[in-house]
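The structure appears right after this line, and notes come after that.
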Amino acid sequence: MDPILAVKDLKKTYIMGSTQVHALQSVTLDIYKNEYVALMGPSGSGKSTLMNLLGCLDSPTSGEYYLNSTNVSTMTDSELAEVRNKEIGFVFQTFNLLPRLSALENVALPLVYGGMGKTKRIERAEEVLESVGLGDRMDHKPNELSGGQRQRVAIARALVNHPSIILADEPTGNLDSKTSVEIMNILGELHKQGNTIILVTHEPDIAEYAHRVVRMRDGLIESDVKKEHIAH
């Protein structure tokens with residue numbers, strides 16, 4: 001079976017004035033369909049850089065990245081944007097919802113870029129909002145929703161395009177512990193339904209939900225451990 005995501009000797013160097021910052025020294029990583037991986041590491045370990053590369057938000061300085069067997073490491077920005085919209089669902093710590101749009105409109109937004117007709121967009125957005133338990137909140141704007149509800153809208157938006165991978169960056173960073181558990185349970189359900197999930201977190205108790213933990217330090221993978229999963 002081919003990995004859904006294969007990274008070979010990925011490097012990222014930033015030029016800051018006259019100094020070079022090697023954010024990623026050399027990373028090689030394979031992730032397979034329906035894996036649930038937590039990416040961990042202290043600040044400055046390279047985990048955010050790696051996540052930006054995996055999410056096609058940035059291009060590597062060198063090395064190769066194959067997503068669904070397509071080499072995305074040499075793509076132009078506009079090609080990357082297309083891959084990103086089709087293949088990757090993002091869930092961010094800050095929700096990144098548009099305040100003037102309803103939950104439904106926020107969720108349907110990626111489908112507008114994908115060129116889907118309005119009726120189909122609404123149907124699909126309703127379907128994913130139902131699936132995260134927000135069927136009765138579709139017309140609410142973000143400021144009329146709790147933090148946990150906003151994060152559910154963000155998860156629904158991440159799912160709307162049937163992405164290959166869900167990238168969740170500190171998805172519980174702005175939530176209390178009870179709401180965090182609810183959000184992690186939703187991600188767990190999505191994983192059970194066959195979704196591939198990459199979770200970026202610095203919180204060990206959140207990483208516990210994943211089935212494989214990749215730890216980074218100084219731009220390198222320090223350890224990569226698969227665990228026999230104990231259900232919560």
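The values are calculated or read from the model by the stated rules, or taken from the named source; none is laboratory data. In this text, all values refer to a predicted model and were calculated from it rather than measured experimentally. Cβ atoms come from the backbone with ideal geometry, glycine included; neighbour counts cover every protein chain shown.
Within region 20-73, the residues that satisfy the criterion of being within 19 Å of the chain's Cα centre (by Cα), at positive phi and surrounded by 16 or more Cβ atoms within 10 Å (Cβ to Cβ) are 41, 46, 56, 68. I'd like the full set of residues that are farther than 16 Å from residue 85 by Cα and polar (S, T, N, Q), limited to region 101-142. Of everything in region 101-142, those that are farther than 16 Å from residue 85 by Cα and polar (S, T, N, Q) turn out to be 102, 119, 131. Being in contact with a Phe, Trp or Tyr (Cβ under 7 Å, 6 or more places away or on another chain) and charged (D, E, K, R) is a description that does not apply to residue 124. Within the set 10, 24, 50, the sole residue that is over 30 Å from residue 138 (Cα atoms) and in contact with a helix residue (DSSP H, G or I) (Cβ under 6 Å, 6 or more places away or on another chain) turns out to be 24. Only residues that are of a type in the set (Gly, Ala, Ser) and within 20 Å of residue 9 (Cα to Cα) were counted in region 176-230, giving 2. In region 105-125, the qualifying residues are those that are modelled with pLDDT under 90 and part of a loop (DSSP other than H, G, I, E, B), and the one that is surrounded by the fewest Cβ atoms within 10 Å (Cβ to Cβ) is 115. Contact map, region 1-19: residues that are of a type in the set (A, V, I, L, M, F, W, C) and exposed (fewer than 13 other Cβ atoms within 10 Å of the Cβ) paired with residues that are modelled with pLDDT of 95 or more and part of a loop (DSSP other than H, G, I, E, B), Cβ distance under 7 Å, separation 6+ or inter-chain. Pairs shown: 1/32.
Given the criteria in contact with a helix residue (DSSP H, G or I) (Cβ under 6 Å, 6 or more places away or on another chain), touching a residue at least 24 places away in the same chain (Cβ under 8 Å) and farther than 29 Å from residue 3 by Cα, does residue 142 qualify? Judged against the criteria, residue 142 is a match. For region 7-56, give me each residue that is among the β-branched types (Val, Ile, Thr), farther than 25 Å from residue 78 by Cα and at pLDDT below 95. Residues satisfying the conditions are 19, 21. Taking region 84-104 as the range and being under 22 Å from residue 199 (Cβ atoms) and either at pLDDT 90 or above or of a type in the set (D, E, K, R) (or both) as the test, the residues that pass are 84, 86, 87, 88, 89, 90, 91, 97. The criterion of at least 2 residues that are hydroxyl-bearing (Ser, Thr, Tyr) is met, among helices (runs of 4 or more DSSP H) falling completely within region 126-226, by 177-192. For region 1-19, enumerate the residues that are under 18 Å from residue 165 (Cα atoms) and over 18 Å from the mean Cα position of the chain (by Cα). Passing the criteria: 1, 2.
Each residue in region 1-39 was checked for being in contact with a Pro (Cβ under 8 Å, 6 or more places away or on another chain) and not in a loop (DSSP other than H, G, I, E, B), and 6 pass. Based on this model, can you work out whether residue 91 counts as closer than 27 Å to residue 41 by Cβ, surrounded by 16 or more Cβ atoms within 10 Å (Cβ to Cβ) and β-branched (Val, Ile, Thr)? Here the answer is yes, as residue 91 does meet what is asked. List the pairs whose first member sits in region 213-228 and is surrounded by fewer than 19 Cβ atoms within 10 Å (Cβ to Cβ), whose second member is acidic (Asp, Glu), and whose Cβ atoms are under 7 Å apart, counting only residues at least 6 apart or on separate chains? Pairs that qualify, where the first residue is surrounded by fewer than 19 Cβ atoms within 10 Å (Cβ to Cβ) and the partner is acidic (Asp, Glu), are 215/222.
Among the residues of region 55-80, those identified as in contact (Cβ under 8 Å) with a residue 24 or more places away in the chain and either of a type in the set (A, V, I, L, M, F, W, C) or not in a loop (DSSP other than H, G, I, E, B) (or both) are 56, 57, 62, 63, 64, 65, 66, 67, 80.
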